[in-house]
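What follows is one structure encoded as structure tokens, with my remarks underneath.
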Amino acid sequence: MKKVLIAAPVHHVLTDGLQAAGFECLMHEKISQQQAFELVKDVTGVITSTRLQLDKALIDAAPQLQWIGRMGSGMEVIDVPYAESKGVKCFGSPDGNANAVAEHALGMLLSLNKRIIQSNNEVKQGLWLRDENRGTELEGKTIGLVGFGHTGRAFAKKLMGFDMQILAYDKYNKRDFPPYVTQCEILAPIFEQADIISFHVPLQADTTHYFDENFLRSVRKPFILVNTSRGVVVNNEVLLRGMQEKLICGACIDVWEEEPLHAMSEKQRALLAQVANLPNAVLTPHIAGYSFEAVYKMSHILLQKIVNIL
């Protein structure tokens with residue numbers, strides 16, 4: 001029986017399908033990188049999320065490897081060029097969690113603008129503060145989407161009903177923009193007009209610390225920063241400084257430069273604590289694309305892609 005290492009939370013639709021196709025599934029959701037070197041020696045496939053780095057060393061340790069499936073978006077955890085040079089097929093499933101990320105981003109944005117979390121906590125403490133918790137509407141505001149792939153498009157679709165001006169910039173995608181989105185060839189219109197800036201980019205060399213000091217100082221007016229892509233896209237020191245100087249008037253952050261909490265350096269943990277203590281920050285623990293439905297969709301999509309090559 002061919003073996004598959006499952007190193008990610010998956011829906012049973014994937015494991016059931018793989019078993020029906022003649023695979024033995026080795027379930028190790030909490031596997032470490034070092035443990036993986038032993039387990040991949042005789043596997044045909046690997047399913048991963050962000051737990052394993054399928055780098056050259058780990059790929060070389062799997063001489064029978066034929067394919068790698070990525071739960072979600074962002075292929076940075078796989079050395080795709082090297083894998084493909086060895087004849088290993090690589091699959092992602094970004095369309096599987098795009099809707100989940102879009103809903104989450106919208107939920108954080110509404111929670112921030114309507115002061116839902118703040119006022120909810122106050123009511124539970126016996127406080128009834130109306131004037132202090134007056135909200136701000138999305139209608140009439142301008143949002144700039146940096147990155148317009150699966151999640152950027154899904155978020156734009158949600159925002160369409162709020163009568164907002166939606167600007168989108170994508171360095172690599174220059175076509176097929178829907179009519180309710182204004183395509184930007186450069187970032188300048190977003191810098192000049194945006195009330196909200198939301199990142200939807202993969203992690204790669206040109207997006208590492210994409211949001212840096214220069215980006216912060218280029219935006220013309222106080223803005224809300226949303227990041228549901230990858231933590232390293234935003235320089236957390238710049239994020240905190242921007243909020244302290246009121247250049248950033250609110251932040252909706254689902255990802256952090258180092259994750260999870262127990263793996264953070266003291267510096268990153270201190271930065272997280274400082275941002276978390278600000279009243280205009282909404283933070284979640286990298287759960288935007290992790291809904292029950294998304295896990296099913298990603299699992300189903302990967303199964304179809306794997307079956308198609310068998």
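The values are calculated or read from the model by the stated rules, or taken from the named source; none is laboratory data. Since this is a predicted model, take the numbers as computed values, not measurements. Please note: Cβ atoms are built from the backbone with ideal geometry, for glycine as well, and neighbour counts cover all protein chains shown.
Among the residues of the range 187-242 satisfying the criterion of being among the hydroxyl-bearing types (Ser, Thr, Tyr) and either out of contact with any strand residue (DSSP E or B) (no Cβ under 6 Å at 6 or more places or on another chain) or part of a helix (DSSP H, G or I) (or both), which is surrounded by the most Cβ atoms within 10 Å (Cβ to Cβ)? Applying the filter and picking the extreme gives THR228. Reported count of residues in the range 154-198, each being touching a residue at least 24 places away in the same chain (Cβ under 8 Å) and basic (Lys, Arg), is 3. Among the residues making up the range 1-22, those that are in a helix (DSSP H, G or I), under 13 Å from LEU310 (Cβ atoms) and touching a residue at least 24 places away in the same chain (Cβ under 8 Å) are GLY17, LEU18.
On the stretch given as the range 157-175, residues that are part of a loop (DSSP other than H, G, I, E, B), within 21 Å of ALA98 (Cα to Cα) and more than 22 Å from the chain's Cα centre (by Cα) total 2. When VAL146, VAL201 are screened for being β-branched (Val, Ile, Thr), touching a residue at least 60 places away in the same chain (Cβ under 8 Å) and within 17 Å of ALA98 (Cα to Cα), only VAL146 passes. Among all positions in the range 39-56, there is no residue which is exposed (fewer than 14 other Cβ atoms within 10 Å of the Cβ), in a loop (DSSP other than H, G, I, E, B), modelled with pLDDT under 95 and of a type in the set (Ser, Thr, Tyr). Among the residues of the range 66-100, the ones that are part of a loop (DSSP other than H, G, I, E, B), in contact with a strand residue (DSSP E or B) (Cβ under 7 Å, 6 or more places away or on another chain) and crowded, with 20+ Cβ neighbours inside 10 Å come to 5 in all.
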